[in-house]
1. Do you know which residues across the stretch 217-245 are without any contact (Cβ under 8 Å) to a residue 40 or more places away in the chain, closer than 21 Å to Arg198 by Cβ, out of contact with any Pro (no Cβ under 8 Å at 6 or more places or on another chain) and part of a loop (DSSP other than H, G, I, E, B)?
2. Return the residues of the stretch 249-279 that are farther than 26 Å from Phe430 by Cβ and among the charged types (D, E, K, R); say none if nothing qualifies.
3. When only residues in the stretch 354-411 that are touching a strand residue (DSSP E or B) at 6+ places or on another chain (Cβ under 6 Å) and not small (Gly, Ala, Ser) count, which is surrounded by the most Cβ atoms within 10 Å (Cβ to Cβ)?
4. Can you work out which of the residues in the stretch 283-335 that are crowded, with 20+ Cβ neighbours inside 10 Å and polar (S, T, N, Q) is farthest from the chain's Cα centre (by Cα)?
5. Could you grab me the full set of residues in the stretch 1-46 that are over 16 Å from the mean Cα position of the chain (by Cα), assigned to a helix (DSSP H, G or I) and either basic (Lys, Arg) or farther than 15 Å from Leu331 by Cα (or both)?
6. Tally time: how many residues in the stretch 204-238 are touching a helix residue (DSSP H, G or I) at 6+ places or on another chain (Cβ under 7 Å) and either closer than 15 Å to Arg67 by Cβ or of a type in the set (A, V, I, L, M) (or both)?
7. Regarding the stretch 377-389, can at least one residue be identified that is farther than 30 Å from Glu73 by Cα and not in a helix (DSSP H, G or I)?
8. Cβ-Cβ below 9 Å, separation at least six or inter-chain, first residue in the stretch 307-322 and outside any loop (DSSP other than H, G, I, E, B), second polar (S, T, N, Q): which pairs?
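Taken together, the values in this text are just the output of simple stated rules run on the coordinates, not laboratory data. Predicted, not measured: the structure shown is a model, and the values here were computed from it. Glycine gets a Cβ as well: all are built from the backbone with ideal geometry, and neighbour counts include every protein chain shown.
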Amino acid sequence: MASSSKKVCVVGAGVSGLVSARELRREGHDVTVMEQSGGIGGQWLYDPRTDADDALGAHSSIYASLRLNTPRESTGFSDFPFAYPSNDDGAGDGRRYPGHAEFLRYIRRFCDAFGLMDAVRLNTKVLHVAPLAPRSHGDGVTRWTVRCSSRLGDCQDEAVTTEETFDAVVVAVGQFTQPRLPAINGMDKWSRRQLHSRSYRVPDSFENQVVVVVGCQASGVDIALELRTVARDVHISVKSVDDDVAVSPGMRKAVSRHHNLHLHVQIDSLCEDGHVVFADGSSVVADAIVYCTGYVYSFPFLDTGGLVTVDDSCVGPLFEHTFPPALAPALSFVGVPKKVVVPRFFEAQARWVAQVLSGRRSLPPEAEMLRSAEENNRARGKHLAHDILDDYDYCDDFGEKHCGFPRLEGWKKELRWSSLARRHDSTESFRDVYHDDSNLIREGFQA
C-alpha cells in the first residue's frame, strides 16, 4: 500500500498529544500541535491556580503533593525509559514513585529528544473543529477546519483567532478536564465550601476544619490522608463501606490508625445549617466538602453533527477506543481509555493512527467498525466503556495486532502487579516501603 503524507492537527500537548506528534512525524506526516497553556505536559504541568482563582482558568487538575502510583521502571515510553536521575545531576526526584514535577521533566526530555517543540503552538486554544463537506474539494476525503485563538500575552483580550484546514485531526486532550459532580439533595443550598478535587492544591486552608471527602479512589485517598494532617476531622463518604473496591483494605487500616479519619456511607442530603446527612441516618456538621468523584469526557470544540457523542463515561462510537467509524481515519482519539499501561498504550494508539493515515495499515469497513464498537459498549456497559481494568494482556494484544507494537516485558508486568497489590494492602506506605523479592528490577532495567 502506497504511503502518503497528511497535514495533521493534534489537539493537546500532554503525553497523548506529544507521542502522537512523534509517531505521526515518524510516518512522514506534517504535524501541528495546538496547546492552550503556556507549556507542554498537559495535566502534568502543575498550576497552583485553580479555575476559581483565575479568569483564564487553570488547565491542570493535579495537587501539589501528587506522586505517581506506578513504578517509574514501568512508566515510560517503549523506547525512552523513565530513568532515575544521576547522582551528580543536582536535581530530580530519585524515588521509584516520584512526584509530578519529575514526570514533567521526563515529558520535557522526551519532547527535546525527538525535536517536537517546533511542532507545538503554545497558548493556542482550539475553539471549533468540524469536517468540511467532501464535495468542497472533490476527492471524497473528509478534511477538517480548525479554528483557534492564540494568546499574545497573559491577557485573554490580546488574542488572535485563526482558521486552518487539515487532512486529519487527532484529539488528545486527556481525561481530567471536566469534573463529574454527584447530584445530592440540598447541594445547591449548602452555603459552605464545596469544591471538586480538580480545584484542590494544598491542605493549608482546611486547617482545624471538619471536611467531608466524597470518593475513595486514588485522588480521594491521597487528599483525605493529606487533609487529616491539618483538619480536625476528615469524613470519607463512599457508596459501600463493605466493598473492597470502594475502600481498599489499606485504607481501612489507615482509618483505624488515625483518630480523625472516619468512614461513612454515601451522602443522602446537605442541610443549610451545615449538616451533612449520610444514607444510614448519621450526620456531621462540616466546614467543607471535597468531591473526589472523577471526570466526564468533554470535547466542547468538536462538531461532528452527532456522529461522535459523549455520554458521561462513553465516547462513541469508537472502534477500539480510537476511531469513530463514520469519520475514520480523518478523526481519531488518543488517550481515552482508562486503567491502561500509561503512556505505552497511548503510544500504541498513536502509532496505529499514524500508520493508518500513511496507508501502511488499513481499517475494516465502517459497518464492521461500528458493530465492534457497539459490542464493546454492551460488554463493558456505558459507564465502563473505556475502562480496561489494568488488563495488560489486552494492552499487549491491542498494540501487537494494530501496529506491531512491542509487548510489555514480563518483569515490568510483574512490577506493576506487585505495585497494585501493595497499594491495595498498604495504602499509606506502598510508595515508600517495598521489598524486591529478586534481582528482577535491576536485571531488566538499566538507567
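1. Passing the criteria: Arg228, Val238, Lys239.
2. Passing the criteria: Asp268, Glu272, Asp273.
3. Step by step, filter the stretch 354-411, then rank; the result is Leu357.
4. Ser332
5. Arg22, Glu23, Arg25, Arg26
6. 11
7. Scanning the stretch 377-389, I find at least one residue that is farther than 30 Å from Glu73 by Cα and not in a helix (DSSP H, G or I), so the answer is yes.
8. The qualifying pairs are Val310/Ser298; Cys314/Asn377; Val315/Thr309; Gly316/Thr309; Gly316/Asn376; Gly316/Asn377; Phe319/Ser372; Phe319/Asn376.
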